[in-house]
Each structure stands twice: as C-alpha cells, then as structure tokens.
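See structure below.
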Amino acid sequence: MKKALITGVTGQDGSYLAELLLSKGYKVYGLTRRTSTVNNERIKHIEDKIELIQGDLLDQSSLSSALLETEPDEVYNLAAQSFVKTSWNQPVLTGEFTALGVTRMLEAIRAVNRKIRFYQASSSEMFGKVTETPQKETTRFYPRSPYGVAKVYGHYITVNYRESYNLFACSGILFNHESPRRGLEFVTRKISHAAAMISLGRQKKLELGSLEPKRDWGFAGDYVEAMWLMLQQEKPDDYVIATGENHSVKEFVELAFGEIGIKNWEKYVASGKKEHMRPAEVDYLVGDASKARKVLGWCPKTSFKELVQMMVKADLELLKNS
C-alpha cells in the first residue's frame, strides 16, 4: 500500500486530494498545525479514514519527525498562507510559510529519505503582470504580491533541489481553482455565498472590488488529479494546470445571480470598494495546459458554468440546513 503525507490537508485542495488518494488505496496522513480551535470541517467526512500528524512548516524538526513517523512514498506540500490580500498585511509570515516552508520540507526529505516523491503547489499568481498570453511553463514570472513572490521562491527552490540532489520533485503551476470548499474570503466563494444569502432574504448587498480582472477558473476536484499524475511519471517535471479559458469577476457574478433567478444583479452588487482592492492587481491570467494534456493525459472535466452552479447550489444547501 502506498503512503502519502499531505500538508494543508484541512484546506480545499488537501481535502479533495485526500479523497482521491483514498479512492486509489493509499494510506493517507495529513500534517496539521497545533491550534486552539480545530477546523477540520472540510475533512470531517473522511477523518476516520486518514491519520492526522502534528507538524508545522515553520518548524524544521517537526517535519523530519513527521517523515520518520509516516514513512511516506509521496509528499504533497499544499500548506501555505494562501490568501493574496493577507500577504500585504503579513508579508514576512507569508514568506516564512509559503517560501521558506518549502525549503524546510525539502531539507527534511533530503535528510530522511531521498526516494520520497515531492509535489509543490505553485501558483499562476507567479505570472502576475503577464509577459505573454497564454501563460505556459516557460513564461517569465512577474509576481504582483508578497504571496506571488513567495510562491516563485518555493517554485525555484523545488527546481533547485531536484537538480542539486536528484530528488523527484515536481511543481504544479495551478491556475485559480475553486469549489464549494473554498474559504469565504476568496472572491468566488464570497459571490456564491452572497447570491445564496440574497436569494434567501438574509443579505441585501454584495460588496466587491473591481469586476474587471479576468481569471482562468477551474474546479479543485479536477486539479488534484493532476497533482497525483505528476508524481506517477518516470521523470519529475513542472506543469501548468489550467482550463485555457478566462472569465471576468463580472461574469462570475452574472452566472451566480442567474442561478438564483436574478437578472438585474447590478441592484445587489456594489463594486469598486477601495477596501476590497489590491495594492497591485493581476488583471489577466489564462493558462496553456497543453504539456499536461500531452504528458499526463490530464484535462479539466468541469466547465466554468458548471463550477459556478455547483458553488451556488452548495451554498444554498448549506444555508438552508443551518
């Protein structure tokens, strides 16, 4: 039986990946930080099937201990300070987790067992102010936030350890991927949740920043399959994972409100709110995943429209039951 250790197992991607690996017969371990309030909501339905190990990306020795205890074949590093807006308020902490945390895990693998296969969660935010469209593996990085900068470091340190120590280390450059398990602070979930609240008469207005930025949005459940596929190859490499389509925040809003039967969504949305704006915006992201299609045989299964519908339906269900 193969064994996998997932950092960030309680997050959106971690929960979907844990489900996938369980379905493939893996023994799954999840690395969790010790906190006074435990939030295992996303993995509640599989908590009895996985084993949680305490550890922290800020603490080198806890990572080595976790590897010695679990003896994994694969490590998926999904943990990070992953909210872009917060990275301006907490740039140093973002660097510690999202950048140096990767080095600590790679160092632990190098010290404990160099045969462990490693996956690093890279991000389309590394492209930032894009230098070519669509963005592919060879596109130059131009990050526009402390989060994007930290992800570039995490990406290159993974490449460096692969080339320096011959580790099987891959990075997945994932474009935006959403789901009903997305945190409420992210714009997509903020929209789907507000649409559900408004339809139930529990909220009057939705406040947003700019409606113009365009993103390549996919379904997180589809994207975790690509992570797994990367670690099943003969050679380690880096891959862009994306749908190849991009849609504006405005389109997301239109579809979400359409799902609850509201055509004149403008009445309910206040946009351009300064407090929701980023100091430096990333305006246009769209990925070219042709390498992943060709080498991994991966392609997204969920359309943009299906994704928005899924999120609004899930939020309606959640609110009706609460």
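Some points to look at:
- Conditions (1) crowded, with 17+ Cβ neighbours inside 10 Å; (2) in contact (Cβ under 8 Å) with a residue 24 or more places away in the chain; (3) not hydrophobic (A, V, I, L, M, F, W, C): number failed by K190: (2)
- Within the option set S303, S248, being open to solvent by 20 Å² or more (accessible area, probe 1.4 Å) and among the polar types (S, T, N, Q) holds for one residue only, S303.
- Test: residue in region 181-199 that is closer than 28 Å to E41 by Cβ, touching a Ser or Thr at 6+ places or on another chain (Cβ under 7 Å) and small (G, A, S): no
Residue-by-condition table, conditions (1) among the hydrophobic types (A, V, I, L, M, F, W, C); (2) farther than 21 Å from I157 by Cα:
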residue	(1), (2)
S61	no, no
E69	no, yes
V75	yes, no
A79	yes, no
K85	no, yes
W88	yes, yes
L93	yes, no
E96	no, no
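- Scope region 19-36; condition open to solvent by less than 50 Å² (accessible area, probe 1.4 Å), of a type outside the set (G, A, S) and under 21 Å from the mean Cα position of the chain (by Cα); matching residues: L20, L21, L22, V28, Y29, L31, T32
- Counted residues, region 55-74 - those being open to solvent by 100 Å² or more (accessible area, probe 1.4 Å) and either out of contact with any helix residue (DSSP H, G or I) (no Cβ under 7 Å at 6 or more places or on another chain) or modelled with pLDDT under 95 (or both): 2
Rundown of residues vs (1) β-branched (V, I, T); (2) at pLDDT below 95; (3) under 14 Å from S122 (Cβ atoms); (4) surrounded by fewer than 23 Cβ atoms within 10 Å (Cβ to Cβ), yes/no style:
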| residue | (1), (2), (3), (4) |
| --- | --- |
| P143 | no, no, yes, yes |
| A150 | no, no, yes, no |
| N160 | no, no, yes, yes |
| E163 | no, no, no, yes |
| A169 | no, no, yes, no |
| S179 | no, no, no, no |
| A194 | no, no, no, no |
| F219 | no, no, no, yes |
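- Residue, farthest from the chain's Cα centre (by Cα), within region 240-269, restricted to residues that are assigned to a loop (DSSP other than H, G, I, E, B) and among the β-branched types (V, I, T): I262
- Of all residues in region 1-46, those satisfying the criterion of being at pLDDT below 95, of a type outside the set (V, I, T) and in contact with a strand residue (DSSP E or B) (Cβ under 9 Å, 6 or more places away or on another chain) are R33, R34, N40.
- Check on A111, buried (at least 21 other Cβ atoms within 10 Å of the Cβ) and in contact (Cβ under 8 Å) with a residue 40 or more places away in the chain: no
Results for (1) part of a helix (DSSP H, G or I); (2) over 20 Å from the mean Cα position of the chain (by Cα); (3) under 29 Å from V286 (Cα atoms), shown as yes or no for each residue.
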site: R42; (1), (2), (3): yes, no, yes
site: D48; (1), (2), (3): no, yes, no
site: L58; (1), (2), (3): no, no, no
site: A80; (1), (2), (3): no, no, yes
site: V84; (1), (2), (3): no, no, yes
site: T98; (1), (2), (3): yes, no, yes
site: G101; (1), (2), (3): yes, no, yes
site: T138; (1), (2), (3): no, yes, yes
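- The residue pairs whose first member lies in region 282-305 and is farther than 22 Å from S179 by Cα, whose second member is surrounded by 20 or more Cβ atoms within 10 Å (Cβ to Cβ), and whose beta carbons are closer than 7 Å, counting only pairs six or more residues apart or on different chains, are K291/Y239; K291/V240; L296/A226; L296/M230; L296/Y239.
- Residue list for region 181-214, restricted to those being closer than 26 Å to N39 by Cα, assigned to a loop (DSSP other than H, G, I, E, B) and more than 23 Å from the chain's Cα centre (by Cα): R202, Q203
The values are calculated or read from the model by the stated rules, or taken from the named source; none is laboratory data. This is a predicted model, so every value here is computed, not measured. Heads up, the Cβs are rebuilt from the backbone with ideal geometry, glycines too, and the neighbour counts pull from every protein chain shown. Note: accessible area is taken over every heavy atom of the protein model, side chains too, but ligands, DNA and RNA are not part of it. Shrake-Rupley method; radii C 1.70, N 1.55, O 1.52, S 1.80 Å.
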